[in-house]
Amino acid sequence: MKTKIKAIALALALALGMGVTALGVVAGEVKSLRPNAAAEADAPPAIYKVMEGTKHERAYRQQPPLVPHTTDKYEIDLKVNQCLRCHEWPYSDQEKAPKISDLHYIDRNGVRQDVVNGNRYFCKQCHVPQNDAKSLVDNKFQAATTNTNIR
Amino acid sequence: MSTENPAKQGVLSGWWSALRSPSSRWSLGMLLVVGFVGGVIFWGGFNTVLELTNTEAFCLSCHEMEQNVYREYRGTIHDSNRSGVRATCPDCHVPRPWIYKIQRKIQASNEVWHKILGTIDTREKFEAKRIELAKHEWARMKSTDSRECRNCHNFGAFDLTRQQARARNRHSEAEQQGKTCIDCHKGIAHQLPAGAFKAERELNDSVGGAVKP
(Lines give C-alpha, C1' and ligand atoms only; values in the text may rest on other atoms or scores of the structure.)
Protein backbone atom coordinates (compact mmCIF):
# COMPACT_ATOMS: atom_id res chain seq x y z
CA MET A 1 0.00 0.00 0.00
CA LYS A 2 2.71 2.39 1.07
CA THR A 3 4.82 1.68 -1.98
CA LYS A 4 1.77 2.19 -4.17
CA ILE A 5 1.12 5.64 -2.69
CA LYS A 6 4.79 6.47 -3.10
CA ALA A 7 4.74 5.37 -6.72
CA ILE A 8 1.65 7.47 -7.46
CA ALA A 9 3.20 10.47 -5.70
CA LEU A 10 6.40 10.00 -7.72
CA ALA A 11 4.48 9.72 -10.97
CA LEU A 12 2.45 12.84 -10.14
CA ALA A 13 5.57 14.79 -9.23
CA LEU A 14 7.26 13.71 -12.48
CA ALA A 15 4.23 14.61 -14.54
CA LEU A 16 3.89 17.98 -12.85
CA GLY A 17 7.58 18.70 -13.20
CA MET A 18 7.55 17.84 -16.90
CA GLY A 19 4.43 19.91 -17.35
CA VAL A 20 6.05 22.91 -15.71
CA THR A 21 9.21 22.61 -17.81
CA ALA A 22 7.13 22.11 -20.93
CA LEU A 23 5.09 25.23 -20.07
CA GLY A 24 8.30 27.11 -19.44
CA VAL A 25 9.58 26.20 -22.88
CA VAL A 26 6.32 27.22 -24.48
CA ALA A 27 6.23 30.56 -22.68
CA GLY A 28 9.77 31.24 -23.80
CA GLU A 29 8.91 30.64 -27.42
CA VAL A 30 5.74 32.72 -27.55
CA LYS A 31 6.33 35.69 -29.80
CA SER A 32 4.05 38.68 -29.69
CA LEU A 33 4.08 41.71 -31.94
CA ARG A 34 5.87 43.55 -29.17
CA PRO A 35 9.65 43.38 -29.07
CA ASN A 36 9.85 42.05 -25.50
CA ALA A 37 8.73 38.64 -24.22
CA ALA A 38 5.05 38.25 -23.39
CA ALA A 39 5.67 37.65 -19.69
CA GLU A 40 7.83 40.75 -19.23
CA ALA A 41 6.63 44.22 -18.45
CA ASP A 42 6.08 46.45 -21.47
CA ALA A 43 8.81 48.92 -22.35
CA PRO A 44 7.68 52.53 -22.00
CA PRO A 45 6.46 53.97 -25.31
CA ALA A 46 8.94 56.00 -27.31
CA ILE A 47 8.53 59.75 -27.04
CA TYR A 48 7.81 61.48 -30.33
CA LYS A 49 7.66 65.20 -30.75
CA VAL A 50 4.30 66.51 -31.89
CA MET A 51 4.58 68.05 -35.36
CA GLU A 52 3.10 71.49 -34.86
CA GLY A 53 1.99 73.86 -37.54
CA THR A 54 0.81 72.34 -40.80
CA LYS A 55 -1.91 69.71 -40.60
CA HIS A 56 -1.16 66.37 -42.27
CA GLU A 57 -3.63 65.45 -44.96
CA ARG A 58 -6.04 62.60 -44.32
CA ALA A 59 -5.04 59.13 -45.48
CA TYR A 60 -8.64 58.12 -46.20
CA ARG A 61 -11.96 59.92 -46.47
CA GLN A 62 -13.42 59.11 -43.04
CA GLN A 63 -10.20 59.67 -41.08
CA PRO A 64 -10.65 62.01 -38.12
CA PRO A 65 -8.34 64.99 -38.80
CA LEU A 66 -5.04 64.91 -36.91
CA VAL A 67 -4.28 67.64 -34.39
CA PRO A 68 -1.28 69.86 -35.26
CA HIS A 69 -0.53 70.77 -31.64
CA THR A 70 -0.05 69.08 -28.27
CA THR A 71 -3.21 68.18 -26.38
CA ASP A 72 -1.90 66.39 -23.31
CA LYS A 73 -2.55 69.30 -20.93
CA TYR A 74 -6.11 69.95 -22.10
CA GLU A 75 -8.81 69.17 -19.57
CA ILE A 76 -11.76 67.13 -20.83
CA ASP A 77 -14.11 66.11 -18.05
CA LEU A 78 -17.64 66.66 -16.77
CA LYS A 79 -16.86 70.27 -15.90
CA VAL A 80 -15.15 71.58 -19.03
CA ASN A 81 -13.77 70.55 -22.39
CA GLN A 82 -10.87 72.82 -23.23
CA CYS A 83 -10.84 71.77 -26.90
CA LEU A 84 -14.25 73.40 -27.29
CA ARG A 85 -12.84 76.71 -26.01
CA CYS A 86 -11.28 77.22 -29.47
CA HIS A 87 -12.99 74.78 -31.82
CA GLU A 88 -16.68 75.31 -31.02
CA TRP A 89 -18.72 78.09 -32.54
CA PRO A 90 -18.49 81.05 -31.85
CA TYR A 91 -14.98 80.62 -30.45
CA SER A 92 -13.76 79.03 -33.68
CA ASP A 93 -14.34 82.33 -35.53
CA GLN A 94 -12.67 84.42 -32.81
CA GLU A 95 -9.67 82.13 -32.42
CA LYS A 96 -9.43 81.30 -36.16
CA ALA A 97 -9.47 77.60 -35.29
CA PRO A 98 -11.07 74.83 -37.41
CA LYS A 99 -14.76 74.56 -36.55
CA ILE A 100 -16.12 71.25 -35.25
CA SER A 101 -18.11 69.47 -37.97
CA ASP A 102 -21.88 69.84 -37.58
CA LEU A 103 -22.13 66.04 -37.51
CA HIS A 104 -20.85 66.20 -33.93
CA TYR A 105 -24.07 67.90 -32.85
CA ILE A 106 -26.41 65.13 -33.97
CA ASP A 107 -27.66 62.93 -31.15
CA ARG A 108 -28.28 59.20 -31.47
CA ASN A 109 -31.86 59.80 -32.62
CA GLY A 110 -30.59 61.88 -35.51
CA VAL A 111 -31.78 65.17 -34.02
CA ARG A 112 -29.51 68.19 -34.26
CA GLN A 113 -28.67 69.76 -30.90
CA ASP A 114 -27.01 73.02 -29.91
CA VAL A 115 -24.18 71.43 -27.92
CA VAL A 116 -21.64 68.80 -28.90
CA ASN A 117 -23.31 65.47 -28.40
CA GLY A 118 -22.19 63.21 -25.56
CA ASN A 119 -21.03 60.44 -27.86
CA ARG A 120 -18.63 62.87 -29.60
CA TYR A 121 -17.57 64.76 -26.45
CA PHE A 122 -14.22 63.06 -25.83
CA CYS A 123 -12.24 64.60 -28.71
CA LYS A 124 -9.01 62.74 -28.03
CA GLN A 125 -10.65 59.36 -28.61
CA CYS A 126 -10.51 60.03 -32.37
CA HIS A 127 -8.40 63.15 -32.91
CA VAL A 128 -4.78 62.49 -31.94
CA PRO A 129 -1.79 64.83 -32.14
CA GLN A 130 0.25 64.19 -35.27
CA ASN A 131 3.85 62.97 -35.00
CA ASP A 132 6.24 60.95 -37.09
CA ALA A 133 5.95 57.76 -35.04
CA LYS A 134 7.11 54.66 -36.89
CA SER A 135 4.68 51.82 -37.60
CA LEU A 136 4.71 49.26 -34.79
CA VAL A 137 4.82 46.40 -37.34
CA ASP A 138 5.61 46.32 -41.05
CA ASN A 139 2.46 46.68 -43.10
CA LYS A 140 1.29 47.44 -46.61
CA PHE A 141 -1.02 50.31 -45.75
CA GLN A 142 -1.31 52.92 -48.48
CA ALA A 143 -3.08 56.21 -48.21
CA ALA A 144 -6.27 56.21 -50.27
CA THR A 145 -4.98 59.22 -52.20
CA THR A 146 -1.93 57.28 -53.44
CA ASN A 147 -3.57 53.88 -53.95
CA THR A 148 -4.06 53.74 -57.72
CA ASN A 149 -6.20 50.61 -57.48
CA ILE A 150 -8.97 52.66 -55.91
CA ARG A 151 -8.73 55.95 -57.73
CA MET B 1 -9.83 110.11 35.98
CA SER B 2 -11.30 107.23 37.89
CA THR B 3 -10.49 107.26 41.51
CA GLU B 4 -12.66 104.27 42.47
CA ASN B 5 -10.18 101.77 40.97
CA PRO B 6 -6.77 102.86 42.18
CA ALA B 7 -5.04 99.53 41.43
CA LYS B 8 -5.97 99.57 37.71
CA GLN B 9 -5.22 103.24 37.41
CA GLY B 10 -1.89 102.64 39.10
CA VAL B 11 -0.74 100.00 36.59
CA LEU B 12 -2.05 101.62 33.39
CA SER B 13 -1.25 105.23 34.04
CA GLY B 14 2.04 104.16 35.58
CA TRP B 15 3.11 102.57 32.28
CA TRP B 16 1.70 105.46 30.30
CA SER B 17 3.51 108.16 32.28
CA ALA B 18 6.70 106.09 32.19
CA LEU B 19 6.40 105.96 28.38
CA ARG B 20 5.72 109.68 28.14
CA SER B 21 8.36 110.98 30.53
CA PRO B 22 12.00 111.40 29.43
CA SER B 23 14.47 108.92 30.74
CA SER B 24 16.61 110.19 33.58
CA ARG B 25 18.48 106.90 33.97
CA TRP B 26 19.56 105.79 30.47
CA SER B 27 21.71 107.82 28.15
CA LEU B 28 20.32 108.85 24.74
CA GLY B 29 23.07 106.88 23.00
CA MET B 30 22.21 103.75 24.97
CA LEU B 31 18.51 104.12 24.09
CA LEU B 32 19.38 104.62 20.43
CA VAL B 33 21.65 101.55 20.31
CA VAL B 34 19.16 99.34 22.13
CA GLY B 35 16.31 100.66 20.00
CA PHE B 36 18.25 100.07 16.78
CA VAL B 37 19.37 96.53 17.68
CA GLY B 38 15.91 95.68 18.98
CA GLY B 39 14.39 97.04 15.79
CA VAL B 40 16.70 94.96 13.60
CA ILE B 41 15.87 91.81 15.56
CA PHE B 42 12.13 92.55 15.49
CA TRP B 43 12.10 93.31 11.77
CA GLY B 44 14.25 90.28 10.98
CA GLY B 45 11.89 88.06 12.96
CA PHE B 46 8.83 89.59 11.30
CA ASN B 47 10.29 89.12 7.85
CA THR B 48 11.40 85.55 8.59
CA VAL B 49 7.91 84.56 9.69
CA LEU B 50 6.43 86.38 6.68
CA GLU B 51 8.70 84.45 4.31
CA LEU B 52 7.90 81.22 6.16
CA THR B 53 4.25 81.70 5.26
CA ASN B 54 5.39 82.20 1.67
CA THR B 55 6.61 78.65 1.04
CA GLU B 56 5.07 75.69 -0.72
CA ALA B 57 5.42 73.61 2.47
CA PHE B 58 3.38 76.15 4.43
CA CYS B 59 0.60 76.18 1.82
CA LEU B 60 0.46 72.38 1.81
CA SER B 61 0.17 72.18 5.59
CA CYS B 62 -3.58 72.69 5.03
CA HIS B 63 -5.30 69.63 3.57
CA GLU B 64 -7.59 71.94 1.56
CA MET B 65 -4.58 72.97 -0.51
CA GLU B 66 -2.77 69.62 -0.54
CA GLN B 67 -5.72 67.47 -1.57
CA ASN B 68 -7.24 69.77 -4.16
CA VAL B 69 -5.18 72.42 -5.89
CA TYR B 70 -1.75 70.91 -5.24
CA ARG B 71 -2.63 67.50 -6.71
CA GLU B 72 -3.94 69.21 -9.83
CA TYR B 73 -0.80 71.30 -10.05
CA ARG B 74 1.46 68.22 -9.94
CA GLY B 75 2.76 67.41 -13.42
CA THR B 76 1.83 70.75 -14.97
CA ILE B 77 4.52 72.76 -16.71
CA HIS B 78 5.08 74.92 -13.63
CA ASP B 79 5.67 71.86 -11.45
CA SER B 80 7.93 69.72 -13.63
CA ASN B 81 9.64 70.59 -16.86
CA ARG B 82 12.84 69.96 -18.82
CA SER B 83 14.96 72.51 -16.94
CA GLY B 84 13.62 71.88 -13.44
CA VAL B 85 12.80 75.52 -12.74
CA ARG B 86 9.59 75.58 -10.72
CA ALA B 87 6.97 78.16 -9.89
CA THR B 88 5.33 77.11 -6.63
CA CYS B 89 2.18 78.45 -4.93
CA PRO B 90 3.48 81.85 -3.70
CA ASP B 91 5.23 82.63 -7.00
CA CYS B 92 1.83 83.04 -8.66
CA HIS B 93 -0.49 83.78 -5.75
CA VAL B 94 1.51 86.23 -3.61
CA PRO B 95 2.75 89.52 -5.11
CA ARG B 96 6.46 90.25 -4.80
CA PRO B 97 6.49 94.05 -4.26
CA TRP B 98 6.38 94.63 -0.52
CA ILE B 99 3.30 96.83 -0.28
CA TYR B 100 1.15 94.47 -2.41
CA LYS B 101 2.53 91.47 -0.54
CA ILE B 102 1.46 92.93 2.83
CA GLN B 103 -1.92 93.84 1.34
CA ARG B 104 -2.41 90.24 0.15
CA LYS B 105 -1.23 88.84 3.48
CA ILE B 106 -3.79 90.94 5.33
CA GLN B 107 -6.49 89.71 2.94
CA ALA B 108 -5.32 86.17 3.65
CA SER B 109 -6.52 86.51 7.25
CA ASN B 110 -9.97 86.00 5.71
CA GLU B 111 -8.73 82.67 4.39
CA VAL B 112 -7.62 81.70 7.90
CA TRP B 113 -11.15 82.54 9.10
CA HIS B 114 -12.68 80.28 6.45
CA LYS B 115 -10.18 77.55 7.34
CA ILE B 116 -11.57 77.69 10.91
CA LEU B 117 -15.15 77.69 9.58
CA GLY B 118 -14.32 74.72 7.33
CA THR B 119 -15.78 76.38 4.24
CA ILE B 120 -13.98 74.09 1.79
CA ASP B 121 -12.91 71.22 4.03
CA THR B 122 -14.32 68.50 1.76
CA ARG B 123 -13.87 67.84 -1.95
CA GLU B 124 -17.58 68.49 -2.55
CA LYS B 125 -17.51 71.85 -0.79
CA PHE B 126 -14.37 72.78 -2.70
CA GLU B 127 -15.91 71.86 -6.06
CA ALA B 128 -19.00 73.91 -5.20
CA LYS B 129 -16.79 76.92 -4.40
CA ARG B 130 -14.33 76.42 -7.24
CA ILE B 131 -15.97 78.85 -9.67
CA GLU B 132 -16.05 81.63 -7.07
CA LEU B 133 -12.42 81.10 -6.04
CA ALA B 134 -11.31 80.97 -9.66
CA LYS B 135 -13.19 84.18 -10.49
CA HIS B 136 -11.46 85.99 -7.61
CA GLU B 137 -8.05 84.91 -8.84
CA TRP B 138 -8.77 85.74 -12.50
CA ALA B 139 -10.07 89.18 -11.54
CA ARG B 140 -7.00 89.82 -9.39
CA MET B 141 -4.66 88.78 -12.19
CA LYS B 142 -6.51 90.86 -14.77
CA SER B 143 -6.56 93.97 -12.57
CA THR B 144 -2.77 93.80 -12.05
CA ASP B 145 -1.97 93.03 -15.71
CA SER B 146 -0.89 89.51 -14.62
CA ARG B 147 1.86 90.93 -12.44
CA GLU B 148 2.88 87.57 -10.96
CA CYS B 149 3.17 85.91 -14.40
CA ARG B 150 5.40 88.71 -15.57
CA ASN B 151 7.88 88.17 -12.74
CA CYS B 152 9.17 85.42 -15.03
CA HIS B 153 7.36 85.81 -18.38
CA ASN B 154 8.07 89.23 -19.81
CA PHE B 155 6.62 90.31 -23.16
CA GLY B 156 9.75 92.39 -23.70
CA ALA B 157 11.99 89.36 -23.26
CA PHE B 158 9.97 87.07 -25.55
CA ASP B 159 12.02 85.75 -28.46
CA LEU B 160 9.05 85.27 -30.76
CA THR B 161 11.20 83.63 -33.44
CA ARG B 162 11.87 80.71 -31.12
CA GLN B 163 8.17 80.08 -30.50
CA GLN B 164 5.94 77.80 -32.52
CA ALA B 165 4.18 79.62 -35.34
CA ARG B 166 0.82 79.37 -33.59
CA ALA B 167 2.17 80.81 -30.33
CA ARG B 168 4.13 83.48 -32.20
CA ASN B 169 1.05 84.77 -34.03
CA ARG B 170 -1.17 84.75 -30.99
CA HIS B 171 1.42 86.40 -28.73
CA SER B 172 2.17 89.24 -31.12
CA GLU B 173 -1.58 89.77 -31.64
CA ALA B 174 -2.16 89.79 -27.89
CA GLU B 175 0.63 92.30 -27.35
CA GLN B 176 -0.82 94.66 -29.96
CA GLN B 177 -4.30 94.35 -28.48
CA GLY B 178 -2.99 95.02 -24.97
CA LYS B 179 -4.17 91.68 -23.66
CA THR B 180 -2.79 90.23 -20.48
CA CYS B 181 -1.62 86.67 -19.76
CA ILE B 182 -4.69 85.55 -17.80
CA ASP B 183 -7.00 86.53 -20.69
CA CYS B 184 -6.01 83.28 -22.42
CA HIS B 185 -3.97 81.23 -19.96
CA LYS B 186 -6.62 80.05 -17.53
CA GLY B 187 -6.57 76.61 -15.94
CA ILE B 188 -2.89 76.04 -16.64
CA ALA B 189 -1.96 74.92 -13.12
CA HIS B 190 -5.35 73.86 -11.73
CA GLN B 191 -8.50 72.34 -13.16
CA LEU B 192 -11.11 74.69 -14.55
CA PRO B 193 -14.44 75.04 -12.77
CA ALA B 194 -17.73 74.10 -14.41
CA GLY B 195 -19.03 77.14 -16.27
CA ALA B 196 -15.52 78.50 -16.75
CA PHE B 197 -16.13 79.80 -20.27
CA LYS B 198 -19.27 81.69 -19.29
CA ALA B 199 -17.43 83.24 -16.34
CA GLU B 200 -14.61 84.18 -18.70
CA ARG B 201 -16.98 86.07 -21.01
CA GLU B 202 -18.58 87.86 -18.04
CA LEU B 203 -15.16 88.86 -16.74
CA ASN B 204 -14.10 90.24 -20.12
CA ASP B 205 -17.35 92.17 -20.42
CA SER B 206 -17.28 93.61 -16.90
CA VAL B 207 -13.62 94.53 -16.36
CA GLY B 208 -12.13 97.34 -18.42
CA GLY B 209 -9.78 96.33 -21.19
CA ALA B 210 -12.15 93.82 -22.72
CA VAL B 211 -10.65 93.36 -26.15
CA LYS B 212 -12.64 92.13 -29.11
CA PRO B 213 -10.62 90.29 -31.70
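The values are calculated or read from the model by the stated rules, or taken from the named source; none is laboratory data. All values reported here derive from a predicted model rather than from experimental measurement. We place every Cβ from the backbone using ideal geometry, glycine too, and count neighbours over all the protein chains shown.
Here are a few things to note about the model shown:
- 1 or more residues touching a Ser or Thr at 6+ places or on another chain (Cβ under 9 Å) and more than 14 Å from chain A (Cβ to nearest Cβ): qualifying helices (runs of 4 or more DSSP H) within segment B:97-213: B:98-117, B:123-143, B:147-150, B:181-184
- Condition met for B:P90 (outside any loop (DSSP other than H, G, I, E, B), without any contact (Cβ under 8 Å) to a residue 60 or more places away in the chain and surrounded by 11 or more Cβ atoms within 10 Å (Cβ to Cβ)): yes
- Any hit, segment A:121-133, residues being closer than 27 Å to B:R82 by Cβ, part of a loop (DSSP other than H, G, I, E, B) and modelled with pLDDT under 90: yes
- Residue that is surrounded by the fewest Cβ atoms within 10 Å (Cβ to Cβ), among those in segment A:45-80 that are within 11 Å of chain B (Cβ to nearest Cβ) and touching a helix residue (DSSP H, G or I) at 6+ places or on another chain (Cβ under 7 Å): A:G53
- If you filter segment A:84-109 down to residues that are among the basic types (K, R) and touching a helix residue (DSSP H, G or I) at 6+ places or on another chain (Cβ under 8 Å), you find that the one that is farthest from the other protein chains (Cβ to nearest Cβ) is A:R108.
- All conditions but one from (1) free of Cβ contacts under 8 Å to residues at least 40 places away in the same chain; (2) charged (D, E, K, R); (3) closer than 30 Å to A:K55 by Cα apply to B:K186; the one that does not is (1).
- So B:N81, is it over 30 Å from B:A128 (Cα atoms), more than 12 Å from the chain's Cα centre (by Cα) and surrounded by 11 or more Cβ atoms within 10 Å (Cβ to Cβ): yes
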